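One structure is given below, encoded as structure tokens.
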Amino acid sequence: IATMLHDAPDEMKGTLKVPAASHLFKTRDDIVPLKSEKKDMFVHLVMQGLYLSQRAHPDIRTTISFLTTRLQNPTEDDYKKLTKMMQYLRLTMFLPLVLQVADDGVLLWWVDASYAVHPSTRGHTGGTFTLGHGSGVYSTSNKPKLISRSSTESEMIGVFDVLPQILWTQHFLTHQRNETVTAVLKQDN
């Protein structure tokens, strides 16, 4: 994180309490594309953020997931979204990732999806699980391969996309403990 913040230009100074604004997935065609030097900085920081989101900061995964779709032709608007994430990282640089196993051994999974938030009308799916306290053992945030026709269908596709990881994790931990592990899926539809 320190390297990313050091590499970031001065216009990315400041702090924010959230990694993205509510308009993260909104794009406009009338925004000016980034010039070469700024585009290189954008790509550099997004790729560092991708590594960071996989290793220690799952809370930026949705923002990074979106920004990676903008690497080919980033705009000034995308750059502002990256700036917000960098300001969030500056504020949360020393925030620890806490993981703790509960006594009951239940795997709690949360899966949520958004309907038609990308310009291609695809939705966006996020999933995470905990063994008791703290999330981050496994998290995902991605654009599904299927285009849904409704919000409810987006939610079902989201569960379908995360279900293989849920089952794999349950089987893996069952074999490690030599006892059955229960997985509970929390989903809002």
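The values are calculated or read from the model by the stated rules, or taken from the named source; none is laboratory data. Since the model is a prediction, treat every value here as computed from it, not as a measurement. As a convention, Cβ positions derive from the backbone with ideal geometry for all residues, glycine included, and neighbour counts pool all protein chains shown. Each accessible area value is taken on the protein alone, full model and side chains, heavy atoms only, with ligands, DNA and RNA left out. Shrake-Rupley method; radii C 1.70, N 1.55, O 1.52, S 1.80 Å.
Quick notes on this structure:
- Among the listed pairs 35/143; 39/186; 39/143; 35/186; 13/145, a Cα-Cα separation exceeding 32 Å is found for 39/186; 35/186; 13/145.
- Full extension of the chain between residue 56 and residue 3 gives 17.6 nm of extra length, using 0.36 nm per residue less the Cα-Cα distance.
- Radius of gyration and maximum dimension Dmax of the chain, Cα, Å: 18.1, 58
- The alpha-carbon atoms of the stretch 106-158 define a convex hull whose volume equals 73 cubic angstrom per residue.
- Taking amide H as placed 1.01 Å from N in the peptide plane, the amide H of residue 138 sits under 5 Å from that of 129, each at least 5 places away or on another chain.
- Excluding ligands, DNA and RNA, the accessible surface per residue across the stretch 1-155 is 55 Å² with a 1.4 Å probe.
- Paramagnetic label zone (point 7 Å from Cα along Cα-to-C-beta, residue 137; backbone N under 19 Å) in the stretch 155-169: 162-169
- Think of each Lys and Arg Cβ as +1 and each Asp and Glu Cβ as -1; about the Cα centre, that makes the dipole of the chain roughly 320 debye.
- Of the trypsin sites (Lys or Arg not before Pro) in the stretch 110-189, those whose Cβ has at most 13 other Cβ within 10 Å and which sit in DSSP loop: 145, 149
- With R₀ set to 41 Å, the beta-carbon distance separating residue 98 from residue 29 gives a calculated FRET efficiency near 0.45.
- Residue of 30, 59, 161 that the Gaussian network model of the chain assigns the largest fluctuation, springs spanning Cα pairs under 10 Å: 30
- Calculated over the stretch 1-54: convex hull of Cα atoms, volume per residue (Å³): 121 Å³
- The stretch 51-189: antiparallel DSSP beta bridges as a percent of all, rounded to 5: 75 percent
- With DNA, RNA and ligands ignored, accessible area of residue 3 (1.4 Å probe; Å², nearest 10): 80 Å²
- When the convex hull of its Cα atoms is projected in every direction, mean area for the stretch 121-189 (nm²): 5.0 nm²
- Cα centroid separation, the stretch 13-50 to the stretch 104-143 (Å): 22 Å
- Taking each residue as 0.36 nm, the span from residue 48 to residue 149 lengthens on full extension beyond its C-alpha to C-alpha distance by 32.9 nm.
- Ligands, DNA and RNA left out, the accessible area of the chain computed with a 1.4 Å probe is 55% carbon and sulfur.
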